[in-house]
1. Exactly one of (1) among the small types (Gly, Ala, Ser); (2) surrounded by fewer than 11 Cβ atoms within 10 Å (Cβ to Cβ); (3) in contact with a Ser or Thr (Cβ under 6 Å, 6 or more places away or on another chain) is unmet by Ser121. Its number?
2. Need the failing condition index for Leu95 against (1) in a helix (DSSP H, G or I); (2) within 11 Å of Val49 (Cβ to Cβ); (3) over 16 Å from the mean Cα position of the chain (by Cα), just the number.
3. How many residues, within segment 55-85, are in a helix (DSSP H, G or I), open to solvent by 10 Å² or more (accessible area, probe 1.4 Å) and either at pLDDT below 90 or not small (Gly, Ala, Ser) (or both)?
4. Suppose we filter Phe69, Phe39 for residues that are closer than 22 Å to Pro122 by Cβ and out of contact with any Leu (no Cβ under 7 Å at 6 or more places or on another chain); which single one remains?
5. Test Ala92 against the criterion of being touching a strand residue (DSSP E or B) at 6+ places or on another chain (Cβ under 6 Å), under 30 Å from Tyr35 (Cα atoms) and open to solvent by less than 100 Å² (accessible area, probe 1.4 Å), and give yes or no.
6. What is the one condition in (1) open to solvent by 40 Å² or more (accessible area, probe 1.4 Å); (2) closer than 15 Å to Leu101 by Cα; (3) of a type in the set (A, V, I, L, M, F, W, C) that Ile114 does not satisfy?
7. Pairs, please: C-beta under 8 Å, at least 6 apart or cross-chain, first residue assigned to a helix (DSSP H, G or I) and in segment 15-28, second open to solvent by 100 Å² or more (accessible area, probe 1.4 Å)?
Amino acid sequence: IRDSNREITAVMEISLDITQLKRLEREIRKSEEKYYTIFNNIPNAVFVVDSSTMEILDCNQSVKATYGFEKEELLNTSLMSFFEESEREESAEELRNSGTLNQVRHITKDGRTIYVNIRVSPSEYLDREALLITASDITKRLLAEQQLIQASKMTTLGEMSAGVAHELNQPLSVIKTASNY
């Protein structure tokens, strides 16, 4: 405030307590850090995909271990590129309408075929309708199951061979005993 000589005679100060605002900002920051820690440390590949275009909006670090791609390589590309060309349209429709897809074939960066179980959850991401997609690599499990089935077949074949040998040995044993008399 100035007097008639234009000299400052008083000063007014207005302050606003922003303690609550700062505390809320810290809590939000902690919450985001916790979310990203959980998101990036999930052992399965997780994708956030635009539900209409199937464009990858975000993914976690496990995508590299499963598919061989860096996160930056996948952002803004189509999730459907993991599917074989002939299966893309049908698979996109299944992803939009189904909660689970089992034993789906995917192609990795180096061209290998892997099998994954997919879980889909509708979500929202940055004001867009999105799908939260989790892919579990089951390739090793399927190979182990196939080996177990093969081993089971071999066991059955061995048992059958032993049975046939026994059936052949019975008459031969009688013939041998009779020929000794």
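1. So Ser121 meets the others, but not (3).
2. The failed condition is (3).
3. Keep residues of segment 55-85 that are in a helix (DSSP H, G or I), which gives 62-67, 71-74, 79-82, 85.
This time we only want the ones that are open to solvent by 10 Å² or more (accessible area, probe 1.4 Å), so: 62, 64-66, 71-73, 80-81, 85.
Now restrict to residues that are either at pLDDT below 90 or not small (Gly, Ala, Ser) (or both): 64, 66, 71-73, 80, 85.
Count: 7.
4. Values: Phe69 fails: closer than 22 Å to Pro122 by Cβ.
Exactly one of Phe69, Phe39 is closer than 22 Å to Pro122 by Cβ and out of contact with any Leu (no Cβ under 7 Å at 6 or more places or on another chain), namely Phe39.
5. On the way: touching a strand residue (DSSP E or B) at 6+ places or on another chain (Cβ under 6 Å): no; under 30 Å from Tyr35 (Cα atoms): yes; open to solvent by less than 100 Å² (accessible area, probe 1.4 Å): yes.
No; evaluated as a whole, the condition is false for this residue.
6. It is condition (1) that Ile114 fails.
7. From segment 15-28, no pairs qualify.
Table: residues versus (1) modelled with pLDDT of 80 or more; (2) open to solvent by less than 90 Å² (accessible area, probe 1.4 Å).
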site: Leu126; (1), (2): yes, no
site: Thr134; (1), (2): yes, yes
site: Thr139; (1), (2): yes, yes
site: Gly163; (1), (2): no, yes
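The values are calculated or read from the model by the stated rules, or taken from the named source; none is laboratory data. This one's a predicted model, so the numbers in the text were calculated from it and none came from an experiment. FYI the Cβ positions are ideal-geometry reconstructions off the backbone, even for glycines, and counts take in every protein chain you see. Accessible surface areas use protein heavy atoms only, side chains included; no ligands, DNA or RNA. Shrake-Rupley method; radii C 1.70, N 1.55, O 1.52, S 1.80 Å.
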